[in-house]
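Take a look at the structure set out below.
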(Lines give C-alpha, C1' and ligand atoms only; values in the text may rest on other atoms or scores of the structure.)
Protein backbone atom coordinates (compact mmCIF):
# COMPACT_ATOMS: atom_id res chain seq x y z
CA UNK A 1 0.00 0.00 0.00
CA UNK A 2 2.99 2.33 0.55
CA UNK A 3 4.48 1.70 -2.89
CA UNK A 4 3.60 4.26 -5.55
CA UNK A 5 4.53 3.79 -9.18
CA UNK A 6 5.89 6.89 -10.88
CA UNK A 7 2.80 7.23 -13.07
CA UNK A 8 0.58 7.12 -9.98
CA UNK A 9 2.63 9.86 -8.30
CA UNK A 10 2.36 11.96 -11.46
CA UNK A 11 -1.40 11.40 -11.67
CA UNK A 12 -1.92 12.44 -8.03
CA UNK A 13 0.21 15.57 -8.43
CA UNK A 14 -1.57 16.53 -11.68
CA UNK A 15 -4.95 16.16 -9.94
CA UNK A 16 -3.81 18.41 -7.09
CA UNK A 17 -2.39 20.96 -9.54
CA UNK A 18 -5.65 21.05 -11.51
CA UNK A 19 -7.60 21.58 -8.30
CA UNK A 20 -5.35 24.51 -7.37
CA UNK A 21 -5.66 26.08 -10.85
CA UNK A 22 -9.47 25.84 -10.84
CA UNK A 23 -9.75 27.26 -7.31
CA UNK A 24 -7.37 30.21 -7.77
CA UNK A 25 -9.87 32.39 -9.76
CA UNK A 26 -12.05 32.61 -6.64
CA UNK A 27 -9.30 34.66 -4.96
CA UNK A 28 -8.87 37.05 -7.90
CA UNK A 29 -10.95 40.04 -9.00
CA UNK A 30 -13.09 39.92 -12.12
CA UNK A 31 -11.01 42.71 -13.65
CA UNK A 32 -7.80 40.73 -13.20
CA UNK A 33 -9.39 37.60 -14.68
CA UNK A 34 -10.59 39.39 -17.81
CA UNK A 35 -7.69 41.78 -18.43
CA UNK A 36 -4.53 40.18 -17.02
CA UNK A 37 -4.98 36.44 -16.60
CA UNK A 38 -4.11 34.36 -19.72
CA UNK A 39 -7.19 33.12 -21.55
CA UNK A 40 -6.04 29.48 -21.54
CA UNK A 41 -6.12 29.29 -17.74
CA UNK A 42 -9.36 28.40 -15.90
CA UNK A 43 -11.42 31.48 -15.05
CA UNK A 44 -14.67 30.03 -13.66
CA UNK A 45 -15.60 31.24 -10.19
CA UNK A 46 -18.04 29.91 -7.64
CA UNK A 47 -21.43 31.56 -8.17
CA UNK A 48 -22.83 33.00 -4.97
CA UNK A 49 -26.46 32.17 -4.29
CA UNK A 50 -29.30 34.51 -3.44
CA UNK A 51 -28.56 34.31 0.29
CA UNK A 52 -24.94 35.37 -0.24
CA UNK A 53 -25.04 38.11 -2.87
CA UNK A 54 -28.65 39.28 -2.83
CA UNK A 55 -31.07 39.35 -5.75
CA UNK A 56 -34.73 38.86 -6.60
CA UNK A 57 -37.14 36.33 -5.08
CA UNK A 58 -40.50 36.08 -6.87
CA UNK A 59 -43.31 33.58 -6.32
CA UNK A 60 -45.68 33.31 -9.30
CA UNK A 61 -49.06 31.61 -9.57
CA UNK A 62 -50.66 30.26 -12.72
CA UNK A 63 -54.14 31.75 -13.13
CA UNK A 64 -56.54 28.82 -13.13
CA UNK A 65 -59.34 30.85 -14.71
CA UNK A 66 -57.20 31.64 -17.72
CA UNK A 67 -56.31 27.97 -18.20
CA UNK A 68 -59.98 26.97 -18.01
CA UNK A 69 -61.08 29.70 -20.41
CA UNK A 70 -58.45 28.80 -22.99
CA UNK A 71 -59.33 25.09 -22.85
CA UNK A 72 -63.06 25.85 -23.18
CA UNK A 73 -62.34 28.05 -26.21
CA UNK A 74 -60.56 25.10 -27.83
CA UNK A 75 -63.50 22.79 -27.03
CA UNK A 76 -65.96 25.29 -28.49
CA UNK A 77 -63.95 25.40 -31.70
CA UNK A 78 -63.80 21.60 -31.83
CA UNK A 79 -67.60 21.38 -31.36
CA UNK A 80 -68.16 23.85 -34.22
CA UNK A 81 -65.84 21.86 -36.51
CA UNK A 82 -67.49 18.50 -35.73
CA UNK A 83 -71.04 19.79 -36.25
CA UNK A 84 -70.13 21.49 -39.51
CA UNK A 85 -68.49 18.32 -40.81
CA UNK A 86 -71.74 16.43 -40.16
CA UNK A 87 -73.80 19.37 -41.48
CA UNK A 88 -75.85 19.45 -38.29
CA UNK A 89 -77.73 22.69 -37.60
CA UNK A 90 -77.00 24.33 -34.26
CA UNK A 91 -77.41 27.58 -32.40
CA UNK A 92 -76.20 29.18 -29.18
CA UNK A 93 -72.64 27.83 -29.38
CA UNK A 94 -70.96 29.65 -26.50
CA UNK A 95 -69.09 29.34 -23.21
CA UNK A 96 -71.56 29.64 -20.35
CA UNK A 97 -71.33 28.80 -16.66
CA UNK A 98 -67.93 27.15 -17.01
CA UNK A 99 -68.87 24.91 -19.95
CA UNK A 100 -68.93 24.92 -23.73
CA UNK A 101 -72.55 24.43 -24.74
CA UNK A 102 -74.55 24.24 -27.96
CA UNK A 103 -78.21 23.72 -28.87
CA UNK A 104 -79.07 21.30 -31.68
CA UNK A 105 -81.88 22.73 -33.81
CA UNK A 106 -83.38 19.46 -35.01
CA UNK A 107 -83.83 16.95 -32.16
CA UNK A 108 -83.63 14.15 -34.74
CA UNK A 109 -79.91 15.03 -35.09
CA UNK A 110 -79.34 15.00 -31.34
CA UNK A 111 -78.06 11.40 -31.14
CA UNK A 112 -75.62 11.87 -34.02
CA UNK A 113 -74.40 15.17 -32.60
CA UNK A 114 -73.96 13.62 -29.14
CA UNK A 115 -71.95 10.73 -30.58
CA UNK A 116 -69.61 13.10 -32.43
CA UNK A 117 -69.14 15.46 -29.47
CA UNK A 118 -68.56 12.50 -27.14
CA UNK A 119 -65.28 11.87 -28.99
CA UNK A 120 -63.98 15.03 -27.30
CA UNK A 121 -64.40 13.41 -23.88
CA UNK A 122 -60.92 11.95 -23.40
CA UNK A 123 -59.28 10.40 -20.31
CA UNK A 124 -56.44 12.27 -18.66
CA UNK A 125 -54.41 9.13 -18.31
CA UNK A 126 -54.92 5.40 -18.47
CA UNK A 127 -54.42 2.96 -15.63
CA UNK A 128 -52.83 -0.45 -16.13
CA UNK A 129 -55.07 -1.97 -13.49
CA UNK A 130 -58.40 -0.41 -14.37
CA UNK A 131 -57.87 0.23 -18.06
CA UNK A 132 -59.19 3.79 -17.77
CA UNK A 133 -58.34 6.97 -15.94
CA UNK A 134 -60.00 10.17 -14.84
CA UNK A 135 -61.79 12.05 -17.59
CA UNK A 136 -60.79 15.60 -18.51
CA UNK A 137 -64.34 16.61 -19.47
CA UNK A 138 -67.88 15.51 -18.72
CA UNK A 139 -70.73 15.48 -21.24
CA UNK A 140 -74.29 16.46 -20.35
CA UNK A 141 -77.18 16.15 -22.84
CA UNK A 142 -80.61 17.68 -22.15
CA UNK A 143 -83.87 16.67 -23.77
CA UNK A 144 -84.22 20.20 -25.08
CA UNK A 145 -81.23 19.57 -27.39
CA UNK A 146 -78.62 21.42 -25.30
CA UNK A 147 -75.24 19.66 -25.10
CA UNK A 148 -72.70 20.81 -22.47
CA UNK A 149 -69.00 19.99 -22.26
CA UNK A 150 -67.64 20.82 -18.81
CA UNK A 151 -64.12 20.41 -17.45
CA UNK A 152 -63.86 18.05 -14.47
CA UNK A 153 -61.83 19.01 -11.41
CA UNK A 154 -59.26 16.35 -12.34
CA UNK A 155 -59.05 17.83 -15.83
CA UNK A 156 -58.55 21.34 -14.47
CA UNK A 157 -55.83 20.18 -12.06
CA UNK A 158 -54.05 18.33 -14.85
CA UNK A 159 -54.21 21.37 -17.15
CA UNK A 160 -52.84 23.65 -14.42
CA UNK A 161 -49.97 21.25 -13.67
CA UNK A 162 -49.09 21.09 -17.35
CA UNK A 163 -49.23 24.88 -17.55
CA UNK A 164 -46.82 25.15 -14.59
CA UNK A 165 -44.37 22.69 -16.18
CA UNK A 166 -44.46 24.60 -19.49
CA UNK A 167 -44.16 27.94 -17.69
CA UNK A 168 -40.99 26.79 -15.91
CA UNK A 169 -39.28 26.02 -19.22
CA UNK A 170 -40.38 29.31 -20.80
CA UNK A 171 -39.31 31.28 -17.71
CA UNK A 172 -35.93 29.54 -17.74
CA UNK A 173 -35.35 30.48 -21.39
CA UNK A 174 -36.35 34.09 -20.76
CA UNK A 175 -34.09 34.51 -17.72
CA UNK A 176 -31.17 32.83 -19.50
CA UNK A 177 -31.56 35.39 -22.29
CA UNK A 178 -31.17 38.17 -19.70
CA UNK A 179 -27.65 36.96 -19.03
CA UNK A 180 -28.13 36.34 -15.30
CA UNK A 181 -26.18 33.65 -13.52
CA UNK A 182 -27.57 30.39 -12.16
CA UNK A 183 -31.25 31.26 -11.58
CA UNK A 184 -33.27 28.89 -9.40
CA UNK A 185 -36.66 28.06 -10.96
CA UNK A 186 -38.80 25.40 -9.31
CA UNK A 187 -42.39 24.34 -8.85
CA UNK A 188 -44.19 24.89 -5.55
CA UNK A 189 -47.43 23.00 -5.09
CA UNK A 190 -49.71 22.43 -8.07
CA UNK A 191 -49.96 25.97 -9.41
CA UNK A 192 -46.97 28.05 -8.29
CA UNK A 193 -43.46 28.72 -9.59
CA UNK A 194 -40.63 30.07 -7.43
CA UNK A 195 -38.01 32.17 -9.22
CA UNK A 196 -34.79 33.24 -7.51
CA UNK A 197 -32.22 35.23 -9.48
CA UNK A 198 -28.99 36.00 -7.58
CA UNK A 199 -27.29 39.32 -8.25
CA UNK A 200 -30.11 40.81 -10.32
CA UNK A 201 -29.97 44.61 -10.23
CA UNK A 202 -33.29 45.36 -11.97
CA UNK A 203 -36.15 43.32 -10.44
CA UNK A 204 -38.82 45.44 -12.17
CA UNK A 205 -37.51 44.41 -15.58
CA UNK A 206 -37.56 40.78 -14.47
CA UNK A 207 -41.19 41.10 -13.34
CA UNK A 208 -42.23 42.61 -16.67
CA UNK A 209 -40.59 39.81 -18.62
CA UNK A 210 -41.98 37.07 -16.37
CA UNK A 211 -45.56 38.36 -16.38
CA UNK A 212 -45.74 38.98 -20.12
CA UNK A 213 -47.61 36.03 -21.64
CA UNK A 214 -45.95 36.83 -25.00
CA UNK A 215 -48.61 35.27 -27.21
CA UNK A 216 -47.58 36.61 -30.58
CA UNK A 217 -49.98 36.34 -33.52
CA UNK A 218 -50.18 37.72 -37.03
CA UNK A 219 -53.69 38.68 -38.18
CA UNK A 220 -55.34 40.74 -40.86
CA UNK A 221 -56.80 44.18 -40.14
CA UNK A 222 -60.56 44.29 -40.88
CA UNK A 223 -61.11 47.21 -43.29
CA UNK A 224 -64.87 46.68 -43.66
CA UNK A 225 -65.60 48.96 -40.72
CA UNK A 226 -63.82 51.78 -38.96
CA UNK A 227 -62.58 50.78 -35.47
CA UNK A 228 -64.30 53.84 -33.96
CA UNK A 229 -67.60 52.66 -35.41
CA UNK A 230 -67.02 49.15 -34.09
CA UNK A 231 -66.47 50.59 -30.61
CA UNK A 232 -69.69 52.59 -30.75
CA UNK A 233 -71.83 49.80 -32.18
CA UNK A 234 -70.61 46.23 -32.41
CA UNK A 235 -67.68 44.75 -34.36
CA UNK A 236 -68.28 42.05 -36.98
CA UNK A 237 -68.71 38.52 -35.62
CA UNK A 238 -65.25 37.35 -36.65
CA UNK A 239 -63.39 40.53 -35.65
CA UNK A 240 -62.49 42.39 -32.46
CA UNK A 241 -61.15 45.80 -31.48
CA UNK A 242 -57.60 45.86 -30.10
CA UNK A 243 -55.53 48.86 -29.09
CA UNK A 244 -51.96 49.75 -29.91
CA UNK A 245 -49.32 48.55 -27.48
CA UNK A 246 -48.67 50.85 -24.55
CA UNK A 247 -45.36 52.66 -24.37
CA UNK A 248 -43.71 51.49 -21.16
CA UNK A 249 -41.74 54.72 -20.87
CA UNK A 250 -44.79 56.92 -21.47
CA UNK A 251 -47.91 54.93 -20.54
CA UNK A 252 -51.27 56.18 -21.81
CA UNK A 253 -54.83 55.24 -20.85
CA UNK A 254 -56.56 52.94 -23.30
CA UNK A 255 -58.91 55.62 -24.67
CA UNK A 256 -55.89 57.66 -25.80
CA UNK A 257 -54.34 54.79 -27.74
CA UNK A 258 -55.09 54.01 -31.38
CA UNK A 259 -57.78 51.30 -31.87
CA UNK A 260 -57.57 48.64 -34.58
CA UNK A 261 -60.30 46.36 -35.90
CA UNK A 262 -58.53 43.00 -36.22
CA UNK A 263 -59.84 39.64 -37.42
CA UNK A 264 -59.95 36.91 -34.79
CA UNK A 265 -58.50 34.35 -37.17
CA UNK A 266 -54.80 33.79 -36.50
CA UNK A 267 -52.88 33.52 -39.77
CA UNK A 268 -49.49 32.74 -38.24
CA UNK A 269 -48.63 32.17 -34.57
CA UNK A 270 -45.47 32.98 -32.66
CA UNK A 271 -44.79 29.26 -32.29
CA UNK A 272 -43.58 29.26 -35.90
CA UNK A 273 -40.86 31.84 -35.28
CA UNK A 274 -37.31 30.59 -35.75
CA UNK A 275 -35.43 33.62 -34.42
CA UNK A 276 -35.88 37.23 -33.31
CA UNK A 277 -33.13 39.80 -32.76
CA UNK A 278 -33.02 43.50 -31.80
CA UNK A 279 -31.48 45.69 -34.48
CA UNK A 280 -31.69 49.21 -35.95
CA UNK A 281 -33.59 50.47 -38.98
CA UNK A 282 -31.02 51.41 -41.63
CA UNK A 283 -33.08 54.40 -42.78
CA UNK A 284 -34.30 55.92 -39.52
CA UNK A 285 -31.71 54.37 -37.17
CA UNK A 286 -34.54 53.55 -34.74
CA UNK A 287 -34.55 50.33 -32.68
CA UNK A 288 -36.58 47.56 -34.35
CA UNK A 289 -36.96 43.80 -34.00
CA UNK A 290 -36.13 41.54 -36.93
CA UNK A 291 -37.76 38.10 -37.03
CA UNK A 292 -37.49 34.95 -39.10
CA UNK A 293 -40.04 32.15 -39.46
CA UNK A 294 -39.33 28.45 -39.69
CA UNK A 295 -40.13 26.55 -42.89
CA UNK A 296 -43.87 26.15 -42.27
CA UNK A 297 -44.22 29.70 -40.98
CA UNK A 298 -42.33 31.11 -43.97
CA UNK A 299 -44.67 29.23 -46.35
CA UNK A 300 -47.75 30.63 -44.59
CA UNK A 301 -46.27 34.13 -44.47
CA UNK A 302 -45.56 34.06 -48.21
CA UNK A 303 -49.09 32.86 -48.98
CA UNK A 304 -50.71 35.49 -46.74
CA UNK A 305 -48.70 38.36 -48.22
CA UNK A 306 -49.39 37.17 -51.78
CA UNK A 307 -53.14 37.08 -51.18
CA UNK A 308 -53.39 40.41 -49.34
CA UNK A 309 -51.14 42.85 -51.20
CA UNK A 310 -52.18 46.41 -50.38
CA UNK A 311 -54.02 45.46 -47.19
CA UNK A 312 -52.79 46.09 -43.63
CA UNK A 313 -52.03 43.24 -41.26
CA UNK A 314 -51.53 43.41 -37.51
CA UNK A 315 -48.72 42.04 -35.37
CA UNK A 316 -50.41 41.34 -32.04
CA UNK A 317 -48.63 40.62 -28.75
CA UNK A 318 -50.81 39.77 -25.75
CA UNK A 319 -53.90 41.34 -27.37
CA UNK A 320 -52.08 44.60 -28.12
CA UNK A 321 -51.15 45.71 -31.63
CA UNK A 322 -47.41 46.30 -31.87
CA UNK A 323 -47.48 47.27 -35.52
CA UNK A 324 -49.99 47.30 -38.39
CA UNK A 325 -48.07 47.81 -41.65
CA UNK A 326 -49.55 47.47 -45.13
CA UNK A 327 -48.40 44.61 -47.33
CA UNK A 328 -46.69 46.33 -50.25
CA UNK A 329 -45.54 43.17 -52.03
CA UNK A 330 -45.34 39.41 -51.40
CA UNK A 331 -42.70 38.53 -48.80
CA UNK A 332 -41.25 35.14 -49.68
CA UNK A 333 -38.08 35.17 -47.60
CA UNK A 334 -39.84 34.25 -44.35
CA UNK A 335 -38.46 37.24 -42.47
CA UNK A 336 -39.58 40.73 -41.55
CA UNK A 337 -39.17 43.68 -39.19
CA UNK A 338 -41.36 44.90 -36.33
CA UNK A 339 -41.12 48.64 -35.86
CA UNK A 340 -42.70 50.86 -33.25
CA UNK A 341 -41.87 53.20 -30.38
CA UNK A 342 -39.02 51.02 -29.16
CA UNK A 343 -36.02 51.86 -27.05
CA UNK A 344 -32.92 49.69 -27.36
CA UNK A 345 -33.87 47.90 -24.12
CA UNK A 346 -37.56 47.39 -25.01
CA UNK A 347 -36.59 46.04 -28.46
CA UNK A 348 -34.22 43.61 -26.76
CA UNK A 349 -36.89 42.54 -24.26
CA UNK A 350 -39.41 41.94 -27.06
CA UNK A 351 -36.86 39.82 -28.93
CA UNK A 352 -36.26 37.82 -25.74
CA UNK A 353 -39.99 37.15 -25.35
CA UNK A 354 -40.37 36.14 -28.99
CA UNK A 355 -37.41 33.76 -28.87
CA UNK A 356 -38.40 32.19 -25.54
CA UNK A 357 -41.98 31.53 -26.60
CA UNK A 358 -45.34 32.18 -25.02
CA UNK A 359 -46.43 31.26 -21.53
CA UNK A 360 -49.35 28.83 -21.54
CA UNK A 361 -51.25 30.95 -19.00
CA UNK A 362 -51.12 34.27 -17.16
CA UNK A 363 -48.85 34.46 -14.11
CA UNK A 364 -49.64 36.53 -11.04
CA UNK A 365 -47.01 37.62 -8.52
CA UNK A 366 -47.99 36.18 -5.14
CA UNK A 367 -44.85 37.09 -3.23
CA UNK A 368 -41.93 39.36 -4.02
CA UNK A 369 -38.76 39.93 -2.05
CA UNK A 370 -35.52 41.69 -2.83
CA UNK A 371 -32.57 40.37 -0.85
CA UNK A 372 -29.97 43.08 -0.32
CA UNK A 373 -26.28 42.34 -0.90
CA UNK A 374 -25.51 43.60 2.61
CA UNK A 375 -27.24 40.58 4.14
CA UNK A 376 -25.22 38.37 1.82
CA UNK A 377 -21.95 39.98 2.95
CA UNK A 378 -22.90 39.39 6.58
CA UNK A 379 -23.66 35.76 5.80
CA UNK A 380 -20.35 35.31 4.00
CA UNK A 381 -18.46 36.94 6.86
CA UNK A 382 -20.19 34.71 9.42
CA UNK A 383 -19.48 31.65 7.30
CA UNK A 384 -15.83 32.60 6.91
CA UNK A 385 -15.42 33.11 10.64
CA UNK A 386 -17.11 29.80 11.43
CA UNK A 387 -15.00 28.03 8.82
CA UNK A 388 -11.71 29.53 10.06
CA UNK A 389 -12.47 28.79 13.72
CA UNK A 390 -13.48 25.22 12.90
CA UNK A 391 -10.46 24.66 10.64
CA UNK A 392 -8.08 26.07 13.26
CA UNK A 393 -9.53 23.83 15.95
CA UNK A 394 -9.18 20.79 13.68
CA UNK A 395 -5.58 21.66 12.76
CA UNK A 396 -4.57 22.11 16.39
CA UNK A 397 -6.34 18.90 17.47
CA UNK A 398 -4.74 16.79 14.74
CA UNK A 399 -1.26 18.13 15.42
CA UNK A 400 -1.51 17.66 19.18
CA UNK A 401 -2.99 14.17 18.82
CA UNK A 402 -0.80 12.71 16.05
CA UNK A 403 2.29 14.92 15.80
CA UNK A 404 3.99 14.62 12.41
CA UNK A 405 1.20 12.47 11.01
CA UNK A 406 -1.24 15.14 12.18
CA UNK A 407 0.71 17.64 10.09
CA UNK A 408 0.36 15.34 7.07
CA UNK A 409 -3.39 15.15 7.73
CA UNK A 410 -3.62 18.96 7.91
CA UNK A 411 -1.86 19.33 4.56
CA UNK A 412 -4.23 16.77 3.05
CA UNK A 413 -7.16 18.66 4.60
CA UNK A 414 -6.09 21.91 2.90
CA UNK A 415 -5.77 20.07 -0.42
CA UNK A 416 -9.22 18.58 0.14
CA UNK A 417 -10.83 22.02 0.50
CA UNK A 418 -8.88 23.33 -2.51
CA UNK A 419 -10.01 20.38 -4.65
CA UNK A 420 -13.61 20.80 -3.51
CA UNK A 421 -13.66 24.50 -4.42
CA UNK A 422 -11.90 23.74 -7.70
CA UNK A 423 -14.45 21.10 -8.74
CA UNK A 424 -17.41 23.31 -7.77
CA UNK A 425 -15.88 26.20 -9.73
CA UNK A 426 -15.34 24.01 -12.80
CA UNK A 427 -18.96 22.83 -12.62
CA UNK A 428 -20.23 26.41 -12.31
CA UNK A 429 -22.05 25.45 -9.11
CA UNK A 430 -23.91 27.97 -6.96
CA UNK A 431 -22.62 28.39 -3.42
CA UNK A 432 -25.26 29.03 -0.76
CA UNK A 433 -25.25 28.97 3.03
CA UNK A 434 -26.25 25.27 3.02
CA UNK A 435 -23.36 24.75 0.59
CA UNK A 436 -20.96 26.29 3.10
CA UNK A 437 -22.42 23.89 5.68
CA UNK A 438 -21.63 21.05 3.27
CA UNK A 439 -18.00 22.21 3.03
CA UNK A 440 -17.69 22.34 6.83
CA UNK A 441 -19.19 18.83 7.05
CA UNK A 442 -16.68 17.65 4.45
CA UNK A 443 -13.82 18.95 6.58
CA UNK A 444 -15.15 16.97 9.53
CA UNK A 445 -15.48 13.77 7.50
CA UNK A 446 -11.98 14.21 6.08
CA UNK A 447 -10.57 14.44 9.60
CA UNK A 448 -12.63 11.40 10.59
CA UNK A 449 -11.02 9.37 7.80
CA UNK A 450 -7.52 10.30 8.98
CA UNK A 451 -8.41 9.48 12.58
CA UNK A 452 -9.57 6.01 11.48
CA UNK A 453 -6.32 5.42 9.62
CA UNK A 454 -4.03 6.65 12.40
CA UNK A 455 -5.84 4.77 15.16
CA UNK A 456 -5.61 1.60 13.06
CA UNK A 457 -1.87 2.20 12.64
CA UNK A 458 -1.53 2.54 16.42
CA UNK A 459 -3.37 -0.72 16.97
CA UNK A 460 -1.19 -2.58 14.49
CA UNK A 461 1.92 -1.14 16.11
CA UNK A 462 0.69 -2.19 19.57
CA UNK A 463 0.21 -5.72 18.23
CA UNK A 464 3.97 -5.86 17.64
CA UNK A 465 4.22 -5.05 13.96
CA UNK A 466 7.14 -3.03 12.70
CA UNK A 467 6.65 0.66 11.96
CA UNK A 468 6.45 0.25 8.18
CA UNK A 469 4.25 -2.86 8.45
CA UNK A 470 1.92 -1.10 10.89
CA UNK A 471 1.58 1.91 8.59
CA UNK A 472 0.93 -0.32 5.59
CA UNK A 473 -1.66 -2.42 7.44
CA UNK A 474 -3.32 0.67 8.90
CA UNK A 475 -4.01 2.12 5.45
CA UNK A 476 -5.06 -1.26 3.99
CA UNK A 477 -7.55 -2.17 6.73
CA UNK A 478 -9.00 1.31 7.22
CA UNK A 479 -9.84 1.62 3.52
CA UNK A 480 -12.92 -0.60 3.74
CA UNK A 481 -14.36 1.34 6.67
CA UNK A 482 -13.70 4.69 4.98
CA UNK A 483 -15.36 3.56 1.76
CA UNK A 484 -18.39 2.16 3.59
CA UNK A 485 -18.93 5.39 5.51
CA UNK A 486 -18.50 7.63 2.47
CA UNK A 487 -20.59 5.49 0.09
CA UNK A 488 -23.56 5.45 2.45
CA UNK A 489 -23.30 9.22 2.91
CA UNK A 490 -22.97 9.63 -0.87
CA UNK A 491 -26.22 7.68 -1.36
CA UNK A 492 -27.93 10.03 1.11
CA UNK A 493 -26.57 13.02 -0.87
CA UNK A 494 -27.94 11.58 -4.13
CA UNK A 495 -31.37 11.13 -2.53
CA UNK A 496 -31.30 14.71 -1.20
CA UNK A 497 -30.41 15.99 -4.67
CA UNK A 498 -33.14 13.93 -6.37
CA UNK A 499 -35.97 14.77 -3.97
CA UNK A 500 -34.89 18.16 -2.67
CA UNK A 501 -34.90 21.57 -4.30
CA UNK A 502 -33.10 24.89 -4.02
CA UNK A 503 -30.77 25.10 -1.00
CA UNK A 504 -31.20 21.37 -0.24
CA UNK A 505 -29.83 20.46 -3.67
CA UNK A 506 -26.94 22.91 -3.18
CA UNK A 507 -26.05 21.20 0.08
CA UNK A 508 -26.31 17.78 -1.60
CA UNK A 509 -23.98 18.75 -4.47
CA UNK A 510 -21.38 20.17 -2.11
CA UNK A 511 -21.58 17.11 0.12
CA UNK A 512 -21.33 14.64 -2.80
CA UNK A 513 -18.32 16.37 -4.36
CA UNK A 514 -16.76 16.71 -0.91
CA UNK A 515 -17.03 12.97 -0.29
CA UNK A 516 -15.12 12.22 -3.50
CA UNK A 517 -12.37 14.74 -2.73
CA UNK A 518 -12.22 13.45 0.85
CA UNK A 519 -11.45 9.88 -0.22
CA UNK A 520 -8.77 11.17 -2.59
CA UNK A 521 -7.11 13.60 -0.17
CA UNK A 522 -7.53 11.77 3.15
CA UNK A 523 -6.47 8.40 1.76
CA UNK A 524 -4.58 8.68 -1.54
CA UNK A 525 -2.79 12.03 -1.13
CA UNK A 526 -2.17 11.55 2.60
CA UNK A 527 -0.78 8.07 1.90
CA UNK A 528 1.56 9.55 -0.73
CA UNK A 529 2.89 12.03 1.83
CA UNK A 530 3.46 9.28 4.41
CA UNK A 531 5.03 6.95 1.81
CA UNK A 532 7.42 9.72 0.72
CA UNK A 533 8.40 10.32 4.36
CA UNK A 534 8.90 6.62 5.03
CA UNK A 535 11.07 6.22 1.92
CA UNK A 536 13.21 9.22 2.90
CA UNK A 537 13.62 8.54 6.67
CA UNK A 538 13.18 4.76 7.06
CA UNK A 539 11.80 5.29 10.62
CA UNK A 540 12.22 2.65 13.30
CA UNK A 541 9.69 4.25 15.66
CA UNK A 542 6.14 5.34 14.99
CA UNK A 543 5.82 9.15 15.40
CA UNK A 544 2.22 9.08 16.66
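The values are calculated or read from the model by the stated rules, or taken from the named source; none is laboratory data. Because the structure is predicted, anything quoted here is derived from the model rather than measured. Every residue, glycine among them, receives a Cβ derived from its backbone with ideal geometry; neighbour counts consider all protein chains shown.
Test residue 441 against the stated conditions and say whether it is touching a residue at least 40 places away in the same chain (Cβ under 8 Å), crowded, with 21+ Cβ neighbours inside 10 Å and assigned to a helix (DSSP H, G or I).
When the stated conditions are applied, residue 441 does not pass them.
Would segment 474-488 turn up any residue that is in contact (Cβ under 8 Å) with a residue 60 or more places away in the chain, out of contact with any strand residue (DSSP E or B) (no Cβ under 9 Å at 6 or more places or on another chain), buried (at least 16 other Cβ atoms within 10 Å of the Cβ) and within 15 Å of residue 402 (Cα to Cα)?
no
Does segment 328-338 contain any residue that is assigned to a helix (DSSP H, G or I) and either crowded, with 19+ Cβ neighbours inside 10 Å or at pLDDT 85 or above (or both)?
The answer is no; no qualifying residue exists.
Of (1) in contact with a strand residue (DSSP E or B) (Cβ under 6 Å, 6 or more places away or on another chain); (2) at pLDDT below 85, residue 102 satisfies all except one. Which?
(2)
Please state which one of 298, 314 is buried (at least 19 other Cβ atoms within 10 Å of the Cβ) and touching a strand residue (DSSP E or B) at 6+ places or on another chain (Cβ under 6 Å).
Working: 298 fails: touching a strand residue (DSSP E or B) at 6+ places or on another chain (Cβ under 6 Å).
On inspection, the qualifying residue turns out to be 314.
Considering only residues that are closer than 26 Å to residue 157 by Cα and touching a helix residue (DSSP H, G or I) at 6+ places or on another chain (Cβ under 7 Å), which ones fall in segment 62-97? Spell out the reasoning first.
If we filter segment 62-97 for residues that are closer than 26 Å to residue 157 by Cα, which is where we start, we get 62-80, 93-97.
Residues satisfying the conditions are 62, 64, 67, 68, 71, 79, 93, 95.
If residue 488 passes every condition in (1) part of a helix (DSSP H, G or I); (2) in contact with a helix residue (DSSP H, G or I) (Cβ under 9 Å, 6 or more places away or on another chain) but one, which one does it miss?
If we test residue 488 against (1) part of a helix (DSSP H, G or I); (2) in contact with a helix residue (DSSP H, G or I) (Cβ under 9 Å, 6 or more places away or on another chain), just (2) comes out false.
Can you pull out the helices (runs of 4 or more DSSP H) entirely within segment 27-102 that have at least 2 residues that are more than 30 Å from residue 200 (Cα to Cα) and without any contact (Cβ under 8 Å) to a residue 60 or more places away in the chain?
Details: elements: 30-35, 50-53, 64-85.
Fully inside segment 27-102 and qualifying: 64-85.
If you check 327, 352, which single one turns out to be without any contact (Cβ under 8 Å) to a residue 24 or more places away in the chain and in contact with a helix residue (DSSP H, G or I) (Cβ under 6 Å, 6 or more places away or on another chain)? Break it down stepwise before answering.
Numbers: 352 fails: without any contact (Cβ under 8 Å) to a residue 24 or more places away in the chain.
After ruling out the rest, the residue left standing is 327.
So for segment 106-118 (the condition being touching a residue at least 40 places away in the same chain (Cβ under 8 Å), under 25 Å from residue 155 (Cβ atoms) and touching a strand residue (DSSP E or B) at 6+ places or on another chain (Cβ under 6 Å)), does at least one residue qualify? Show your work before the answer.
In the first step, residues of segment 106-118 are kept if they are touching a residue at least 40 places away in the same chain (Cβ under 8 Å); the result is none.
No.
Looking at this structure, is residue 222 surrounded by 15 or more Cβ atoms within 10 Å (Cβ to Cβ), assigned by TED's automatic domain parsing to the domain that holds residue 343 and either modelled with pLDDT of 80 or more or in contact with a helix residue (DSSP H, G or I) (Cβ under 8 Å, 6 or more places away or on another chain) (or both)?
Numbers: surrounded by 15 or more Cβ atoms within 10 Å (Cβ to Cβ): yes; assigned by TED's automatic domain parsing to the domain that holds residue 343: yes; either modelled with pLDDT of 80 or more or in contact with a helix residue (DSSP H, G or I) (Cβ under 8 Å, 6 or more places away or on another chain) (or both): yes.
Against the criterion (surrounded by 15 or more Cβ atoms within 10 Å (Cβ to Cβ), assigned by TED's automatic domain parsing to the domain that holds residue 343 and either modelled with pLDDT of 80 or more or in contact with a helix residue (DSSP H, G or I) (Cβ under 8 Å, 6 or more places away or on another chain) (or both)), residue 222 qualifies.
Please work out which one of (1) surrounded by fewer than 18 Cβ atoms within 10 Å (Cβ to Cβ); (2) under 25 Å from residue 407 (Cα atoms) is the condition residue 504 fails and give its number.
(2)
Does segment 162-184 hold any residues that are at pLDDT below 85 and either more than 29 Å from residue 277 (Cβ to Cβ) or not in a helix (DSSP H, G or I) (or both), and which are they?
Within segment 162-184, 162, 179, 180, 181, 182, 183, 184 qualify.
For segment 340-350, how many residues meet the condition of being surrounded by fewer than 19 Cβ atoms within 10 Å (Cβ to Cβ) and modelled with pLDDT of 75 or more?
4
Kindly list the number of the only condition in (1) at pLDDT 75 or above; (2) assigned to a helix (DSSP H, G or I) that fails for residue 353.
(1)
Inspect segment 28-43 for any residue being more than 31 Å from the chain's Cα centre (by Cα), outside the structural domain of residue 237 (by TED's automatic domain parsing), surrounded by fewer than 15 Cβ atoms within 10 Å (Cβ to Cβ) and within 25 Å of residue 160 (Cα to Cα) and give the result as yes or no.
No: segment 28-43 contains no residue that is more than 31 Å from the chain's Cα centre (by Cα), outside the structural domain of residue 237 (by TED's automatic domain parsing), surrounded by fewer than 15 Cβ atoms within 10 Å (Cβ to Cβ) and within 25 Å of residue 160 (Cα to Cα).
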